[in-house]
Structure formats: structure tokens, C-alpha cells
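Take a look at the structure set out below.
Please treat every number below as a calculation from the coordinates, not as lab data. Quantities reported herein were computed from a predicted structural model and do not represent experimental measurements. FYI the Cβ positions are ideal-geometry reconstructions off the backbone, even for glycines, and counts take in every protein chain you see.
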Amino acid sequence: MYASVIVDIPSKSVNQVFDYRVPEGMLDILKVGHRVLVPFGRRTIQGYVMKLSEMTDFDLERIKEIARTLDIEPVLTEEMVIIAKHLADYYIDQYISVIETILPAALKANYKKVLRLAEGHGATAKRLLESHQQGGEVETRRLPAPVLEELAPHLASGEIKEETVITQHTKKKTALAVYSLRHPEVELSRAKKQQELLDVIESSSEPIFIRDLAAEGFSNHLVNELVRKGYVEKVERQMERDPYADRVFTLDPPKVLNEEQQHAYDRIAEMMDAGEPRTFLLHGITGSGKTEVYLQVIQKVMDEGRNAIMLVPEIALTPQMVNRFKSRFGDDVAVLHSGLSHGEKYDEWRKIKEGRARVSVGARSSVFAPFENIGAIIVDEEHETTYKQGDRPMYHATEVAKFRSRYHNCPLILGTATPSLETYARSERGVYERLELTQRAGTKVLPEIHVVDMAEEHRGGNTSIISQTLKEAIDQRIERGEQTVLLLNRRGYSNFQICQNCGYVPICPNCDISLTYHKSNSSLLCHYCGYESAVRRICENCQSDDVTFRGTGTEKVEEILRDMFDTEIVRMDNDTTRRKGMHEKLLDRFEEEEIPILLGTQMIAKGLDYPKVTLVGVLNADTMLNLPDFRANEKTYQLLTQVSGRAGRHALSGEVIFQTYNPSHYAIQLAKGNDYRQFYEKEMAFRRLARYSPFYFHVLFTVSSEDISKCLKATSHIHDALVDAVSDKSIIVGPSPSPLERINRQYRFQIMLKYKREPALLEVLGGLDEYYHEAYRTEGVSLRIDVDPQVI
Ligand code: ADP
Ligand code: ZN
Ligand code: ZN
């Protein structure tokens with residue numbers, strides 16, 4: 001038997017399988033998807049088994065043997081092996097980098113570390129085994145994964161019983177627990193609740209976690225009373241790591257679906273029963289009850305003993321979504337959070353792999369959740385660009401989801417209020433089945449939207465960033481004890497510093513971009529590379545002291561609002577949410593303390609659902625319109641619709657104010673009228689004329705180098721290669737400087753290929769990629785090939 005192995009060497013030149021002989025003792029154990037250690041040159045390295053076969057083209061005299069396996073069960077399922085290959089081919093990348101994207105980072109440990117661990121744990125495993133053979137108990141659930149790996153052969157042979165194995169690597173984390181000091185004579189007759197609590201604690205032979213008591217309705221205060229009276233004592237106990245452990249979720253029962261929801265549910269359920277991998281577009285206005293449909297579809301999936309994957313754009317920004325899933329399904333939900341440590345991610349991954357979780361909720365990479373029997377996949381806010389990975393491999397999660405839906409013969413549901421043009425166009429052609437939710441759930445209606453022309457506002461003498469209309473509306477909310485959400489898509493204090501004597505603007509030495517002034521730490525910061533310098537009050541160019549700041553960011557608006565309304569404000573942007581858990585903390589404060597105003601960048605546009613929010617203000621609706629990207633109008637429409645959807649979701653009705661310098665622009669006007677259909681038609685006309693997606697596919701080539709002449713030479717080489725290779729129906733745009741021409745000392749030039757059909761394209765791209773992989777080593781020129789780019 002021979003195994004074809006992808007080895008962990010991130011180089012184009014070894015982007016292929018190597019065959020190894022499978023040693024006798026491994027014949028029954030080794031499967032496709034196993035991690036192995038193999039000799040490679042004079043080293044031993046980690047690899048993944050992609051194929052097992054009785055034949056090999058390798059020279060039988062020289063073929064080497066697999067040294068050892070690293071896991072009890074294969075880490076990659078057969079499905080993942082196929083996906084890895086598909087993604088590497090489609091997105092022009094290396095197999096090993098795709099495999100490492102699919103697996104949790106904790107498994108990428110380099111082979112030396114693995115070996116060292118294995119040796120250290122080998123001794124532990126040996127001791128355990130001896131103790132076990134002498135009748136001792138092996139508590140496998142407490143063992144770290146490497147020890148279990150050592151024990152694998154003994155497990156395989158039945159020497160140790162399999163059912164005792166829970167390979168969860170338990171993290172040492174403690175929480176407070178209480179136990180009874182056993183005063184049988186205690187009678188707390190006048191404190192019934194305390195007596196009840198004491199009974200609960202006494203009935204347990206082990207200390208009970210205080211958080212578990214809280215979930216049962218016993219408050220911290222009550223526990224402390226018993227401690228104070230000396231009936232119980234607090235101790236620290238170890239617990240398995242669960243990032244949501246200290247939260248209490250109240251059970252949320254399913255709602256009776258309205259007619260449109262029911263129709264959507266029925267269609268999805270029908271396809272699920274038929275085992276048809278259909279893609280649905282669930283197009284529902286904000287607050288129309290899409291999430292309720294997801295939840296009920298998932299309930300059906302679980303009732304049938306299958307699993308579901310729920311993708312959200314960015315989980316840190318959608319804590320309320322996690323709450324709803326936890327409230328409905330409890331511990332059956334695994335949350336794959338970008339804020340988790342490697343160890344925590346690995347824990348959640350194992351939870352799924354071992355069948356202890358039934359549903360996963362997570363961002364982009366959780367589309368690889370290792371379920372083996374998927375009944376439905378859901379992509380919420382399908383239009384979001386975060387579903388496309390910005391680094392290699394530059395995969396799109398929806399594409400992976402489609403692949404998995406076909407593999408498992410289950411429906412895929414793309415939900416949004418503002419579909420991407422590509423998705424809506426497919427629903428028009430019947431490639432996807434469209435389901436519409438046109439009303440807000442319950443008796444709620446969409447908020448009323450007003451557009452304020454800021455140019456007129458300035459002519460009328462108000463030069464503030466807050467228009468008179470918005471000011472009055474906020475005042476009203478404060479008076480009525482309601483809340484306001486304000487969006488300004490620009491962080492920092494001022495956009496840039498300028499010398500009023502000579503016009504000099506300090507720019508980043510690495511990026512040719514003006515530096516943003518941050519007042520809190522008195523610095524000028526580059527938002528692209530992180531370069532930071534202290535503010536100087538004297539012009540570097542002419543030594544004049546007549547320097548000033550222009551443009552307004554969230555930090556400054558916070559000051560303005562505080563002066564204007566004399567009230568507390570919660571500000572949410574990259575600067576205030578850098579620390580882990582800050583998103584949730586700030587949102588909790590906004591809700592619980594009923595702070596009148598929440599000000600933030602676009603991170604506040606998604607998912608928020610607070611009953612007292614009745615006003616949403618967009619301070620500058622034009623920021624996205626001016627981006628040099630053919631999707632600028634689409635992004636503007638989407639952002640305005642999303643953020644408007646935060647207002648009036650409950651009993652109180654909502655109002656929205658857009659401030660803009662382009663009051664008649666169709667993206668703004670149609671967002672105001674909530675007319676997606678007309679926006680789609682207008683935007684499609686523009687796309688057709690300019691020959692952009694969805695009428696053409698795109699590939700974006702970006703060349704970068706510190707040496708501008710090398711950039712130019714490389715782009716003209718790529719241009720010529722494309723002219724030779726593609727059909728004359730395809731369009732090659734460029735070379736031209738990238739919208740941000742220099743970042744991190746690297747010059748950047750780009751070429752865009754637009755095509756409808758290019759059967760041989762993959763080979764051309766593969767060739768170019770290989771060539772520039774080498775050129776990077778020798779000449780410092782790199783090429784990035786972005787297939788189906790999201791951001792130009
Ligand atoms: P979306 O995901 O489309 O923004 P949600 O699912 O969050 O909408 O629903 C908006 C609000 O309406 C939520 O508070 C939800 O609990 C409620 N809701 C959803 N469906 C129903 C229903 N069928 N009956 C009553 N309330 C509902
Ligand atoms: Zn100057
Ligand atoms: Zn910079």
C-alpha cells in the first residue's frame with residue numbers, strides 16, 4: 001500500500017503529492033486525511049495523506065516509508081481532501097496552504113515541536129499504559145491530545161477501551177464554586193430563597209459552580225449571604241474552557257411564522273426532504289424575520305439528526321445573533337469566534353468533530369466546520385465582503401458552502417436585505433430560488449427616512465457636522481428617553497494636518513497616504529501600515545506655526561456631541577474596541593445604562609436590535625460613494641439600508657436621517673425609498689455598459705515591489721502574457737497604479753482581466769503564479785492573483 005502525501009513545505013516547487021510506503025503496522029490504521037510524519041530529504045516533516053493506493057509511479061527501490069501517524073482519527077475528512085484540491089486549483093494556491101486554512105491553527109504545529117511533544121508525552125503514555133495493565137483507571141478525558149496520540153495504537157488494538165476517550169484538551173481555567181459546610185440544624189425559615197439555595201448546594205457531593213447557580217436563578221448576592229453566615233464556603237475549581245460559560249441564556253421558544261416566513265420555510269424543508277442541494281436567496285427587508293426562519297430550519301435539521309452551519313459576517317460584531325442561537329439551542333451550538341485563542345478554537349473544532357455540537361455559528365473560516373452529516377448551510381448577510389478572504393488562499397466562503405451543499409445534498413440559504421448584484425442576478429435567471437420577505441415581522445414597519453443636503457446646510461450658515469434637522473431629532477430622543485445610533489465611517493480625530501502657509505500635509509513615509517490625527521494620544525497615525533509619529537505644531541516644510549487639522553473622525557465627533565447635548569456617549573471604532581471583548585462591553589453599556597447616543601464606524605451597522613433605538617443618523621452618506629471601486633454604489637446602498645434597519649425594530653417606530661452632499665444620487669434616493677428592485681436595475685445597466693461583474697468575471701493581478709521600475713516591467717510582462725493567452729472577447733484593463741499606489745514601502749500596480757469564458761485560464765494563471773513565486777525570491781517582485789475579487 002502507498003500513500004500520496006502533501007508535505008508541509010510552503011513552496012511552489014513542492015506543490016504536489018509525494019508517495020510513501022505504508023508500513024505493515026499502519027495498514028489497518030492509516031486513512032485518507034491522516035496527519036503523518038514523513039522523511040523528506042534529510043529531514044522529517046509533517047504531511048497529510050491525500051490518497052491511498054496499491055500502486056505508485058515512484059521508484060520502488062528508493063521509495064521511503066511513513067515514519068508515524070500523528071492522530072487517532074484522520075483530521076481531514078474525504079470531503080475536505082476534495083475541497084482542498086478544488087480550492088487550490090480554483091484560487092491558484094498551494095495545497096498545503098489551503099489545508100492549513102481548513103484546519104485549526106493548533107494542528108499546524110511544526111514537526112519538531114510535534115516530535116518533542118510526542119517524546120515527552122511518550123513517557124507519560126507509557127506510564128499510564130502500565131498502570132492500566134495493572135488494573136488502574138486511565139482517565140483519558142483529562143489527557144492532552146499528544147498523549148492520546150501516543151496511546152492510539154493501544155486504543156486501536158482494544159487494549160484500552162475507546163469509549164473512555166474524550167480527546168478534548170482541557171485548559172486549566174478556574175471558576176468560583178461553593179460547597180456546604182454541613183450544618184444539618186440550619187433552619188433559615190425567614191429566608192426561603194436562601195434555604196432553597198442551601199438545599200441545592202447540600203444535595204451535591206461536589207462544589208457547584210456559582211455561574212451554574214446563577215443559571216438556576218440564585219443570585220450572587222444570595223450566595224454571598226450564605227457565605228457570610230458561614231454555611232457554605234467558596235473554592236476555586238477547574239473547568240473546561242467555554243467562552244460563553246459565564247453568560248446566562250434564557251430559553252427562546254420558536255415563534256409562529258407569518259405567511260411569507262412559512263412559505264420560505266416550506267420550500268427549504270421540501271428541498272431538504274428531497275435531498276436536493278438547492279441554493280436559496282432569502283431576500284427579506286431588515287427585521288422581516290429571516291433569523292427566525294434560519295432557527296426553524298436548523299431545528300428541523302437537528303430533529304433529523306443532522307448538522308447545520310450558520311455563517312455570519314463577523315462574529316464579534318453580532319453578539320446578539322450568538323445569543324439567539326444559544327437561547328434556542330443551548331449547548332448544541334459551537335461558536336467559532338475570531339477572538340478565540342488557538343487552544344479555544346481547537347476545543348470548539350473537536351466539539352464539532354466528535355459530535356458534541358450540532359450547529360456551528362461562526363465567521364468565514366467556520367464554513368470548514370468538520371461536520372459529517374450536514375442538513376443545511378446558511379450564509380447570513382451574504383453580500384458582505386468579509387466572506388472573501390483577503391490573504392491567500394483568497395477563497396469565498398459562499399463558494400465553499402455551495403460545494404459542501406452539493407456534497408451533502410442539502411440546501412444552501414443565502415439571506416440578506418440587500419443581495420449582491422451577482423446573487424440577485426442568479427435568482428433572476430433561476431439559478432437560485434428566490435424567497436421574499438417583504439414585511440417586518442409582527443406589526444412593525446420600516447422607519448421613515450429623510451435626506452439632508454449638507455451643502456445647503458452650510459449655505460444656511462450651519463458649518464457643524466450635525467445638521468439642524470438631526471440636532472432637533474436627537475434632542476427629541478433625549479427628552480423622550482429613547483436612543484440614537486450615529487454612523488460616521490471614519491475613525492480618528494481629524495483626517496489630516498495641513499499647513500495654512502504652504503499647504504504641506506504630513507504623509508506616511510511608507511504609504512503615500514496622509515496621516516490621521518488621533519487626539520487622545522497626540523499622534524499622527526497611518527491607517528494602512530500602522531506608522532505613528534508625534535504631532536508637531538510646526539510645519540516640517542516651511543517651519544510656519546500656522547498648522548491646522550481638517551476633516552472629522554469619530555473621536556472629534558464624540559467631543560462635538562458631548563458639547564452639543566451634554567450627555568454620555570458610547571463610541572465604537574477600531575480604537576475603542578481593540579481589546580478582546582470590548583465590542584460586547586460597549587454594547588451592553590449602551591443597552592443597560594440606556595446611554596442616549598451610540599456613535600460608531602460601520603461596525604455598528606450590523607445586527608444590532610435594541611428596543612429603545614428610534615433614531616439612526618448617517619453623518620456622511622458619501623464616504624463610500626467616493627471609493628475607487630466599481631461596487632461603490634452597491635456598498636453605499638447596502639450600508640445605508642443596513643444601518644437604517646437598526647431603527648424602530650420594536651414597539652416604538654423609527655426615523656432615519658442621511659446627511660449627504662449628493663442628495664439626488666440614486667444609491668441614496670433608492671435606499672431612502674427602500675427600493676432594492678429599482679436599485680438593482682439601475683446598477684445592472686451601469687455594470688452592463690461598463691462591462692463589469694455580473695456580466696463579466698474578473699481576475700485582478702496586483703504586482704508589488706519596492707522598486708517601481710521592476711513593478712512596471714512585471715506588469716507589462718503579465719499584460720503581454722495575457723494578450724497572448726486569452727480570447728479577443730476578453731478585456732484587459734491596465735496596467736495602472738493601484739488605488740493605493742504605495743503601501744508599506746511597496747509600490748503597487750494592477751491589471752484587471754474581464755472575461756466571459758476562458759477554458760484555459762487556470763493554466764495561464766498557474767504558470768504566472770509559479771513564475772512570480774520564483775521572481776519574488778530572486779528579484780523581490782511579487783504577484784497576487786485575486787480570482788473573483790471583492791474589493792478592487
Ligand atoms: P431579520 O433577521 O430579518 O433582521 P429577525 O429574525 O431578527 O429579522 O426578526 C425581527 C424581530 O421580529 C425579532 O425581534 C424577532 O424575534 C421578531 N419576529 C420574527 N419572526 C416573528 C414572528 N413570526 N412573529 C413574531 N415576531 C417575530
Ligand atoms: Zn508649511
Ligand atoms: Zn503607512
(request) Please give the contour-minus-distance gain from SER736 to ASN409: 0.36 nm per residue of separation, less the Cα-Cα distance, rounded to one decimal in nm. (result) 113.3 nm
(message) Taking 0.36 nm per residue of sequence separation and subtracting the Cα-Cα distance, how much length would be gained by fully extending the chain between THR567 and ASN373, in nm to one decimal?
(response) 64.6 nm
(request) Taking Cβ-Cβ under 4.7 Å as the only way to count a partner, pick out the unpartnered cysteines of the chain. (result) CYS410, CYS529, CYS711
(request) Using only Cα atoms, locate the centre of segment 28-42 and the centre of segment 553-615, then give the distance between them in Å, rounded to an integer. (result) 52
(message) What does the net charge come to around GLY780 if you take all other residues with beta carbon closer than 14 Å to its beta carbon, with K and R at +1 and D and E at -1?
(response) +1
(request) With a Förster radius of 60 Å, plug the Cβ-Cβ distance of LYS85 and GLU472 into 1/(1 + (r/R0)^6) and report the FRET value to the nearest 0.05. (result) 0.50
(request) Can you tell me the relative contact order of the chain? Whole percent, Cα pairs under 8 Å, sequence separation 6 or more. (result) 10
(request) Could you check the simple spin-label distance between ARG21 and LEU712, using points 7 Å along Cα→Cβ, in nm with one decimal? (result) 5.9
(request) Return the distance in nm (one decimal) between the two label points of a simple spin-label model at GLU304 and ASP273, each offset 7 Å from Cα along Cα→Cβ. (result) 1.0
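Rounded to the nearest 0.05, what FRET efficiency is calculated for ASP512 and SER727 with R0 set to 41 Å and r the Cβ-Cβ distance? Intermediate values should be presented prior to the final figure.
Numbers: r = 37 Å, r/R0 = 0.90.
Efficiency, rounded to the nearest 0.05: 0.65.
Where the convex hull is taken over the Cα atoms of the chain, what is its projected area averaged over directions, in nm²? Display every interim value, and only then the final one.
Details: hull surface 168.6 nm².
The directionally averaged projection comes out at 42.1 nm².
Run the numbers for ARG536 and LYS519: contour at 0.36 nm per residue of separation, minus the present Cα-Cα distance, in nm.
Numbers: separation 17, 0.36 × 17 = 6.12 nm, distance 1.24 nm.
So the extension gain works out to 4.9 nm.
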